[in-house]
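**Q** Following this message is one structure expressed as C-alpha cells.
The values are calculated or read from the model by the stated rules, or taken from the named source; none is laboratory data. Because the structure is a prediction, the values reported are computed rather than measured. Note that each Cβ is placed from the backbone with ideal geometry, even for glycine, and that neighbours are counted across all protein chains shown.
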Amino acid sequence: MARLVQPVEGELKLNGLRINYFEWKGRGRRPLVLMHGLRDYAYYWQDCANRLLDDFHVYTFDQRGHGESERAPGGYLVWALAADLAAFVDAVGLERFDLAGLSLGSRCSMAYARDNWQRLGHLVLMDMGPQMAKVGARGLKADMTAKADVPPSSFAHEDALAFFGRQWPSLDEPSLQRLVQNALVQGEDGLYSNRYDRRLADITTKAAIPEIDYLWDSLTRIQCPTLVMRGEHSPILDDEISARMVESLPDGRLSVFEDTGHSLPRLRPERFADVLRSFLLDRPL
C-alpha cells in the first residue's frame, strides 16, 4: 500500500472555542475546504484529500463538539456552525475557495454560503438538505437521543484499528493510527469510544426546527455553481428534497450515486473523488 500524505495539524481559537484543523499540501494550489458530518471528524477526509492533491490544497477542521475540537456551551445550531466556518477561512487566509460539506457539513455550508457565496468558486452539498427525509429524521433522532449519557460503542485499540481498516481499506497504518486518535477518545477503562459531545442530540429535536425555513431560503440566495450529491439508497436525502434543492438554487445541479447510501466519500471513494474533481474544475460530470 502506498504511503499516504499526512496533513499539517494545528489549533485555532475560533468564537471562543479551541478548534483542531488539518491541512493537506500537495502539488495542487486551489483551496478546497471539506466539512464533515454529524458525529464524524476532520480526519474522515484523509482518503479523499489524498485523491485530490494533484489539483487542490485541502483544509478541514473538527466542527465544535467533534473530534479534537472543544465542546460548545452555546450549542450546535447551524448559525453557530456557519460562524465557525467563517472564522476558520479568515484565520487561515482564504479569500476565495471551493467548499464541500457532507451531512451536517452540508447544512453548515448552506448557511455559510447564504451570505458568502461571492467567496466561493463552487459549492457541493452532500447527502443532506435543509430538512431530512422522514425515515432518516426519525432514525437519527432515535439514535442520538437514546441513552445520551452512554457512549454508543467502545473498542479496544486493536479492535478500533480493525474496525476503521474495514471501513477505509485504502488507509495505511499511520493513517489508521491517526484516525483512531481523531475519532475516538480513550476512557479510564482503556477502551475507546466515539469522540463527540452527546449534547449534539439537541440538533435532532424541535430546537432545530427554525433552521429548516432558513436553509431553504438560503439556497435561493446562493449564486455560485452548486452540486447536490445524493446516495440512491440514502435515508437522509430523498428524490423529492434533492429535486427541490436543485430547483431552489440559482445554479444547481444533481448527481445521484446508484446503489449507495449516505456516506458517499467512504462508500464510493473513487467515483466520489472523480465527480467532485470534475465539478470543481468545471469539467463534464
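**Q** Against the conditions (1) touching a Ser or Thr at 6+ places or on another chain (Cβ under 9 Å); (2) closer than 14 Å to G101 by Cβ, where does D47 fall short? Just the number, please.
**A** (2)
**Q** Do you know which of the residues in segment 1-16 that are surrounded by fewer than 14 Cβ atoms within 10 Å (Cβ to Cβ) and not in a strand (DSSP E or B) is modelled with the lowest pLDDT?
**A** Going through the qualifying residues, I end up with M1.
**Q** Still on this structure, please answer the following. If I go through segment 189-200 residue by residue, how many of them are out of contact with any Lys or Arg (no Cβ under 8 Å at 6 or more places or on another chain) and assigned to a helix (DSSP H, G or I)?
**A** Final tally of qualifying residues: 1.
**Q** Hey, can you tell me all the residues within segment 27-73 that are buried (at least 22 other Cβ atoms within 10 Å of the Cβ), over 18 Å from L125 (Cβ atoms) and of a type in the set (G, A, S)?
**A** Within segment 27-73, A42, A49, G65, G67, S69 qualify.
To keep it simple, each residue is scored yes or no on (1) closer than 25 Å to A80 by Cα; (2) of a type in the set (A, V, I, L, M, F, W, C); (3) free of Cβ contacts under 8 Å to residues at least 40 places away in the same chain.
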| site | (1), (2), (3) |
| --- | --- |
| E173 | no, no, yes |
| N182 | yes, no, no |
| R199 | yes, no, no |
| T204 | yes, no, no |
| A208 | yes, yes, no |
| W216 | yes, yes, no |
| T226 | yes, no, no |
| M229 | yes, yes, no |
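**Q** Moving on. So L104 fits all but one of (1) within 15 Å of the chain's Cα centre (by Cα); (2) free of Cβ contacts under 8 Å to residues at least 12 places away in the same chain; what number is the exception?
**A** Status for L104: all satisfied but (2).
**Q** Considering each residue of segment 185-227, count those that are at pLDDT 90 or above and under 21 Å from W79 (Cα atoms), and give that number.
**A** 18
Listed here are the residues, each with its yes/no results for (1) within 20 Å of L34 (Cβ to Cβ); (2) at pLDDT below 95; (3) in a helix (DSSP H, G or I).
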site	(1), (2), (3)
A243	no, no, yes
P250	no, no, no
R253	yes, no, no
V275	yes, no, yes
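**Q** Among the residues of segment 94-110, what is the count of those that are buried (at least 24 other Cβ atoms within 10 Å of the Cβ) and hydrophobic (A, V, I, L, M, F, W, C)?
**A** Number of matching residues: 5.
**Q** Would you say M128 is at pLDDT 95 or above, assigned to a helix (DSSP H, G or I) and surrounded by 24 or more Cβ atoms within 10 Å (Cβ to Cβ)?
**A** No; evaluated as a whole, the condition is false for this residue.
**Q** Ok, one more. Which residues, taken from segment 200-249, are over 28 Å from G65 (Cα atoms), of a type outside the set (V, I, T) and surrounded by fewer than 19 Cβ atoms within 10 Å (Cβ to Cβ)?
**A** R221, Q223, C224, E232, H233, D239, E240, A243, R244, E247
**Q** Within segment 43-59, identify whether any single residue is part of a strand (DSSP E or B), within 12 Å of the chain's Cα centre (by Cα), within 25 Å of E95 (Cβ to Cβ) and not polar (S, T, N, Q), and answer yes or no.
**A** yes
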